[in-house]
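Trainee: Take a look at this one; I'll ask things after.
Read-outs: derived from the displayed coordinates by stated rules, not from any lab. What you are looking at is a predicted structure, and each value in this text was computed from that prediction instead of being measured. Cβ placement follows ideal geometry from the backbone for every residue including glycine, while neighbour counts extend to all protein chains displayed.
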Amino acid sequence: MNSLKVGGWMRFKKYITSKKKRGFTIIESLVYIFLTTMILAEGINLFVLMYKSYIESTKLTIKYNNYQNFYINLDNIIPDIGLENIVVDDRYILFLMDNKSGKSDIVIKSYNGDIVAKYTESGPIPTMIQNINYLEVKKKGKLIYLIIHDKEGKEFIKCI
């Protein structure tokens, strides 16, 4: 009799153990795909915003470096010896040289969106900086201010 009870019990055990859950349901898979897609979309959006910010920052840095190089070059072309007089107008500055020095006069002015240095005795006009709106020159007492207005409306000021 014991064998019948055990045998009967073993027979039903197969059906009970075979109902174990294996794998994921369709709902769980869809939720996983949706959440993964949302996280990836936000990650890509963040990457694109950071890349645009990097590009804008690089362009701004290049522009500031160009303006700083302009002021450094201006300091190099303004002579320390032989300068007789400085003529200042709203749109240009003229450095008049002494006849004894043998150097030519220099005009710094804005021309077609560029700042150029024109030497009175030479032919070609070297461009010092490009893509500006205009150059403004102001004199206050013994100080002369060069103000570069860029196309975005920002001002870059140097006192010489």
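Trainee: Search the structure for amide H atoms under 5 Å from the amide H of residue 83, placed 1.01 Å from N in the peptide plane, and list their residues when 5 or more places away or on another chain.
Mentor: 98
Trainee: When the label point is put 7 Å from the Cα of residue 44 along its Cα-to-beta-carbon vector, which residues of the range 22-37 have a backbone N closer than 17 Å?
Mentor: 33-37
Trainee: Next up: On full extension of the chain, what length is gained from residue 57 through residue 160, given 0.36 nm per residue of separation minus the C-alpha to C-alpha distance?
Mentor: Gain in length upon complete extension: 34.2 nm.
Trainee: Would you please put 42-53, 134-145 in order of how densely packed they are, using the mean number of other Cβ atoms within 10 angstrom per residue and starting with the highest?
Mentor: With the highest mean Cβ count within 10 Å placed first, the list reads 134-145, 42-53.
Trainee: Mind jotting down the distance between the C-alpha centroids of the range 30-55 and the range 117-160, whole Å?
Mentor: 45 Å
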